[in-house]
1. Cα-based count: Lys pairs in the chain below 23 Å, eight or more positions apart or different chains?
2. Hey, with R₀ at 41 Å, roughly what FRET efficiency would Thr95 and Glu156 work out to, going by the Cβ-Cβ distance, to 0.05?
3. Find which of Leu31, Leu93, Val119 sits farthest along the positive direction of the dipole of the range 10-131, computed with +1 on the beta-carbon of Lys and Arg, -1 on that of Asp and Glu, about the Cα centre.
4. Provide the FRET efficiency to the nearest 0.05 for the Arg48-Val147 pair, computing r from the beta carbons and using R0 = 41 Å.
5. Give the angle, between 0 and 90 degrees and rounded to the nearest 10, that separates the Cα long axis of helix 125-144 from the longest principal axis of the Cα atoms of the chain.
6. Which whole-Hz ³J(HN,Hα) couplings does the range 14-23 yield from phi under the Karplus relation 6.51 cos²θ - 1.76 cosθ + 1.60, θ = phi - 60°, glycine and proline marked x?
7. Just to be sure I understand: with springs between alpha-carbon atoms less than 10 Å apart, which residue in Ile127, Ile105, Ile61 has the highest mean-square fluctuation in the Gaussian network model of the chain?
8. For the range 10-131, take the alpha-carbon Rg, divide it by the Kirkwood Rh, and send me Rg/Rh.
Amino acid sequence: MDLAKQTEPKAEDAGRRRAADLLARAKTEELRNAWDKLPTRPEVKPVRGPETGLVMVRGRIGGGGAPFNLGEATVTRATILLPSGTAGHAHALGTDKEKVRLAAIFDALWQESGTSGFVETALLAPIEERIAAEDRQKAEETAATRVDFFTMVRGED
C-alpha cells in the first residue's frame, strides 16, 4: 500500500472538517436562524450531551520545541442521531450547550444528501463570509498601526 495515499485526506474528509470547523465557529444566533428556516425539522435523538468539560491546551516554544501544558479550556460537546441513522457530532469552546446541540444537528444534516445543500447555503456559506470579513477587518486594523523602521545614514564617514 502506498504511504502517500494513506496520509492524503479524502475530499469528503476535507469537506467534513471544513463543516465541523465552521459549525464550531458559528454564533448561536446563526444556528438558531438556520434552524428556524428549515423546511422540516427532524426528530433528533440525543446520544451524548450536550456536556461541558475541560481539555488540556498544549503549546510549543517557537511552534516546534518541546510541548508543555499551557492550561485548561472549557469545551462543550454533543452527539445526536437523526431518524435515518446519521450521527452528528460537535465540539466548541465555551459552555453554550444550545449552540453545540444545534451544531451537531447541522453536522448530521450536512451529511444527508437531501439537506446538505440547505446547510451549505443557509448556514455554512454565511458563516464563512462573516469570518472572512472579520479577518479582513482585523488585517486592515493591524496594517493601520504598522510602523516602518528605516536607518538614516549621515553623510560623513
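1. Lysine pairs meeting both conditions in the chain amount to 10.
2. Rounded to the nearest 0.05, the efficiency is 0.05.
3. Checked the options; the winner is Leu93.
4. The pair Arg48/Val147 has a calculated efficiency of 0.25.
5. Tilt of helix 125-144: around 10 degrees.
6. Residue by residue, the range 14-23 yields 5, x, 5, 4, 4, 4, 4, 5, 5, 5 Hz.
7. Of the options given, Ile61 has the highest mean-square fluctuation.
8. 1.03
No lab work stands behind these numbers, since they all come straight from the coordinates. Just so you know, these numbers come straight off a predicted model, no measurement behind them. Every residue, glycine as well, gets a Cβ built from its backbone with ideal geometry; the counts of neighbours run over all protein chains shown.
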